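In what follows, a structure is listed as structure tokens, so that the remarks can point back to it.
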Amino acid sequence: MIAPNIYKPYLMRIEKITDEAPGIKTFRLVFTDEQEGRDFRFKAGQFGEYGVFGEGECTFCIASSPTRTGYIECTFRQAGRVTSALADREEGDLIGFRGPYGNTFPIDDWQGKNLIFIAGGIALPPLRCVIWNVLDLRDRYGDVTIVYGARTVDDLVYKHELEEWRRRGDVKLITTVDPGGETPDWTGEVGFVPTIVEKQAPSAANAVALVCGPPIMIKLTLPVLAKLDFTPDQIYTTLENRMKCGVGKCGRCNVGKYFVCKDGPVFTLAQLNDLPPEY
Amino acid sequence: MTEFEPKIVAFVCNWCTYAGADLTGTARIKYAPNVRIIRLPCTGRIDFMLVLKAFAGGADGVIVSGCHPGDCHYTAGNYHARRRWIVFRKLLDFVGFDIDRIHFAWVSAAEGAKWAEFVNAVTERIRQLGPFEDYHKLVALGNEPIEVA
Amino acid sequence: MDALRNKARDLLSDGSVQVVIGYGPGSVPDQARAVFLRRPEQVGALFFDDRCHQNLAVYLTKPEVKALGKPAIVGTPAILRSILQLAAENQIADGQVLALGVDGDGRVTELPDFKSIEDFLAPLPADLSPQEQEQLARIEAMSRSERWNYWIDQLSCCLRCYACRAACPLCYCGRCAVEANQPQWIPVAPHPRGVLEWHLARAMHLAGRCVNCGSCAKACPLGIPIHLLTQMLSQEVAKRFGLQAGRSAKREYVLGTFKPDDAEDFIR
Amino acid sequence: MEQRLLKRESVGQLFAKLADAGWRIVGPCRSGEAVVFKDVHAPQEMAADYVQTTLSPKSVVFPRYELLLRYRFEGKDVKIDDEQITVVPTVIFGLRPCDARSLAVLNAVFSWDYQDVFFKTRLENTTIITVSCTTSDPYCFCTSVNGGPGDPQGSDLLLTPFDADEYLVEIVTDRGRAIVDQAPELFAPAAGGEVNKVRVLADVPVRFEMSRLVECLPRVFNDEAFWAEQAMRCLGCGACAFLCPACACFDIQDEADRQGGVRYRCWDSCGLSLFTLHTSGHNPRTTQGQRWRQRVMHKFSYFKDRLGTIACVGCGRCSRSCPADMNLAEHLQALAETSA
């Protein structure tokens, strides 16, 4: 038997495009081959290679929850060659998708625990996957706290879902924007994410913190969590190294003895502390 | 066998040659339909990579044309372009690229007839030369893995 | 040799430079390599002889080397020409680099500014080596299709490792044209068209800027004579436009300037 | 190991037999000053004397440019033509024992976890006829990385130029035996029991102690100044990685026109600054020192931890061809000595 070509993507149709924020879009993708769609399984935290034929592939997490079947979603910022080409696609267009790749958030182990999600800017998508997964199985988990910040009100992604989470009684959502980024009718917090986390002071007892955001946000949030007595193995994040193959071959995402595409993208802070700081 | 019809890409400046080609049309002068005209603001904008892209895309010939010296809408774009062409043409010739595949002309907005005559002459020349096998072959080799050497 | 070492020691001792870039013993006996001396007691490593051919000017724009402080650099004619060309392109400022002109007799001339480099170079011949002239003449004498086959064959080994670009003191761009990918102007692939277009683009971007040091070809692991492309163009530019790279710190860029009466014979 | 003798003048006959049986033969040929692997039909086409080929034979199993898939655009539809790899059974003749060992390193990358069908298919169809080294140069350091000038690891047949007109043939694997079986009359039994080939092999001094190097690497990782100093003259090109028989990193790119296009992979190098550059502008490895450290750590520490082998066979190409004389063995020696 000839082994399958691991670089061959699924053909996906763009079912729905949502403009999230300036330069940021969400695609809802469905499998053109229904059988492939039915067989497709993934877990929270995994990623894929999204490809525009003729331009190349790029890497993002799957931003939808595994509990919502029949489609996957990705959210991306238009920045380079491939994301620009992606941004030019219209509903109904075909793109390639390879995945799911990488490890997962161990959410089954978190049953009964309190979850604190901390995200900045365009880094909410990987956590959104977990958030919906948890909310769809709400009774298995303890308190759910979400601290999400962006530079300006306009830059917040998933605005409708933020509204939905806010209205639910079983989620504590705190949104914040950087000083100067607020609008006159802004009712959320104003301030940087680490400051807001410090102010909220979530308890580390029986809790897990998931932190995703720009390097500077993560860098400043970690000491805050440490002060709140979170231990390194209670803190999770996802790494976003540059990748090409997604399957542990091309060598690009190699950090220490790990390949982010195989051993990540989900890492605990305890694991990161053992890694060379090359991410 | 059908006669070979060359594919020719013409990079022209907006102010002179494009207007000149327009005049060719409004004056109802017929000329070879083999050219695909690409309008750019100025010959100074016509980077050598554009020419290579045309050949990579399967062109058998390329035309580059703009305002006469002294007439550039941006004062000196065509003077700069002229230097670039002199150098680029020399380089192509040095690597054995058939420079008979690239033709240059100054065509003003009033020279509709010259444009038609120029395009016809170039088309005839390229027709004589035949398909640009050298480059087409090079492009086709991109469909083979490179296993050795 | 002693003159060079003494000069380097003095410069490092009195703090007039923070690093001396020169040639020291390589990893095998017949090889010299770049050394970056920062303390007077290191100067024993310096030497200068016919093994010293790498164009050290390439390091003047390398961020890690720039971070070491003001350099003195051992200056062969090719290195000095590179410095002047870098100056003409505003990559180094006058007085920022101290060149140490060396000659076959072991004399060392301190060249603190561009003017002194220009004067030092003025009496020296700037011709291509006889071997390079012979190679160019041989290719020029070929028929067009012979030239095409020659270059396609030569370039067929090119791996796109970019050693040519890395070794060239004038290839200092932070982001090379070959990396511009919106659109992808030059194919990334090392297939025949990708290789040809890369070398054409490299030659064009160095047209009239090449100082004929030959570093690109020496760096090429496959020994492809790519220096001939840029050297041919520098000959052509000199002949047609009277501009020679690396002769003056205030030289115009050939493709950035023009004369209304630039002569050509192919535009209709 | 079973030994035979093969007359040097019989190699031509062997090639003819193999060609008749449908084999493709790749051997070292001169190309200007370089020696590279090309398709050969007769021994005369091959380079006569070389210490080491300029390019490694890795492109036979891991081409520097290889299509992964083709696609066609049909209106808004896309049709993917899965790239079906077909490979002619290939003999690589005349590679050195170090290169023969490198294929196992490449295989470790391409067959851990996900299986890379392109590499695997090529490897399965490749037979390795190695020629031992009777000469070496100061760049060779196979003996420091668990190899040697007559080491049979990785070879299917190992030929040692025993005297002026004869090769000692060692049949290392069944695949090697299959070659012998193609023309058994050419392979005479070795008379008088085991032949000792050591006397003809090149003398390659051991430069450093592997165990010491491996042990010290994690400790020196954080010594930024050390790596910066080692890499000060590094120009940041990809020559070392592209010439390395054991480097497997690659890039994936697309090329298309309006009718369709291809997705391909081509070699890439951790020494190039763009290798890890994010679109955002963030680069996890900003300096050449960090990139050089990655190269060394990847080959001698991470690779070993992860895939059980070091990713270096001591062929010396990286150093021999470096435009700035970055000598890997010298640097490894320095590392091993700092640990002492």
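The values are calculated or read from the model by the stated rules, or taken from the named source; none is laboratory data. None of the values given here were measured: they were computed from a predicted structure. For neighbour counting, all protein chains shown are included, and Cβ atoms are generated from backbone atoms with ideal geometry for every residue, glycine included.
Structure notes:
- All positions within segment B:105-142 that are at the interface with chain C (Cβ under 7 Å from one of its Cβ atoms), part of a helix (DSSP H, G or I) and closer than 30 Å to C:HIS199 by Cβ: B:ASP134, B:LEU138, B:VAL139, B:LEU141, B:GLY142
- Taking segment D:210-238 as the range and being away from chain C (no Cβ under 13 Å), within 30 Å of C:TYR23 (Cα to Cα) and of a type in the set (D, E, K, R) as the test, only D:ASP223 passes.
- Residues of segment D:114-156 satisfying the condition of being within 14 Å of chain A (Cβ to nearest Cβ), of a type outside the set (S, T, N, Q) and in a loop (DSSP other than H, G, I, E, B): D:TYR114, D:ASP116
- Filtered residues of segment D:277-309 (kept if charged (D, E, K, R), closer than 14 Å to D:ASP223 by Cα and within 9 Å of chain A (Cβ to nearest Cβ)): D:ARG293
A quick yes/no check of all residues on (1) modelled with pLDDT under 95; (2) over 22 Å from A:ARG81 (Cα atoms); (3) among the basic types (Lys, Arg):
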site	(1), (2), (3)
C:ARG147	no, yes, yes
C:CYS157	yes, yes, no
C:ALA177	yes, no, no
C:TRP185	yes, no, no
C:HIS205	no, yes, no
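- Scanning segment A:82-128 for residues that are farther than 30 Å from D:LYS76 by Cβ and of a type in the set (Asp, Glu), we see that the one that is surrounded by the fewest Cβ atoms within 10 Å (Cβ to Cβ) is A:ASP109.
- Residue ranges of helices (runs of 4 or more DSSP H) in segment D:191-269 with at least 3 members modelled with pLDDT of 95 or more and of a type in the set (A, V, I, L, M, F, W, C): D:239-243
- Strands (runs of 3 or more DSSP E) (entirely within segment B:1-104) containing at least 2 residues that are more than 11 Å from chain C (Cβ to nearest Cβ) and farther than 24 Å from C:ASP265 by Cβ: B:35-40
- So D:GLN52, is it in a loop (DSSP other than H, G, I, E, B) and either modelled with pLDDT of 95 or more or in contact with a helix residue (DSSP H, G or I) (Cβ under 9 Å, 6 or more places away or on another chain) (or both): yes
- Scan of segment D:252-266 for residues that are facing another protein chain (nearest Cβ under 7 Å), in contact (Cβ under 8 Å) with a residue 40 or more places away in the chain and touching a Cys at 6+ places or on another chain (Cβ under 8 Å), ordered by number: D:ILE252
- In summary, D:ALA42 fulfils each of the numbered conditions (1) among the aliphatic types (A, V, I, L, M); (2) in contact with a helix residue (DSSP H, G or I) (Cβ under 9 Å, 6 or more places away or on another chain); (3) surrounded by 14 or more Cβ atoms within 10 Å (Cβ to Cβ) with the single exception of condition (3).
For every residue, the table says whether it meets (1) touching a Cys at 6+ places or on another chain (Cβ under 7 Å); (2) touching a residue at least 24 places away in the same chain (Cβ under 8 Å); (3) under 30 Å from D:CYS140 (Cα atoms).
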| site | (1), (2), (3) |
| --- | --- |
| D:LEU6 | no, yes, yes |
| D:LEU18 | no, yes, no |
| D:TRP23 | no, yes, no |
| D:VAL26 | no, yes, yes |
| D:VAL40 | yes, yes, yes |
| D:THR53 | no, yes, yes |
| D:GLY75 | no, no, no |
| D:ASP82 | no, no, no |
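- Segment A:31-76, residues that are over 13 Å from the mean Cα position of the chain (by Cα) and of a type in the set (Lys, Arg): A:ARG38, A:ARG41, A:ARG68
- Filter result for the condition that a residue is more than 24 Å from A:PRO22 (Cα to Cα), in contact with an Asp or Glu (Cβ under 8 Å, 6 or more places away or on another chain) and touching a residue at least 24 places away in the same chain (Cβ under 8 Å), over A:GLY99, A:GLY112, A:GLY121: A:GLY99
- Meets criteria (under 21 Å from A:ALA63 (Cβ atoms), surrounded by fewer than 15 Cβ atoms within 10 Å (Cβ to Cβ), at pLDDT 95 or above and of a type in the set (A, V, I, L, M)) for A:LEU173: no
- Among the candidates A:ALA85, A:ALA79, residue that is within 13 Å of chain D (Cβ to nearest Cβ), at pLDDT below 95 and either at positive phi or out of contact with any Gly (no Cβ under 7 Å at 6 or more places or on another chain) (or both): A:ALA79
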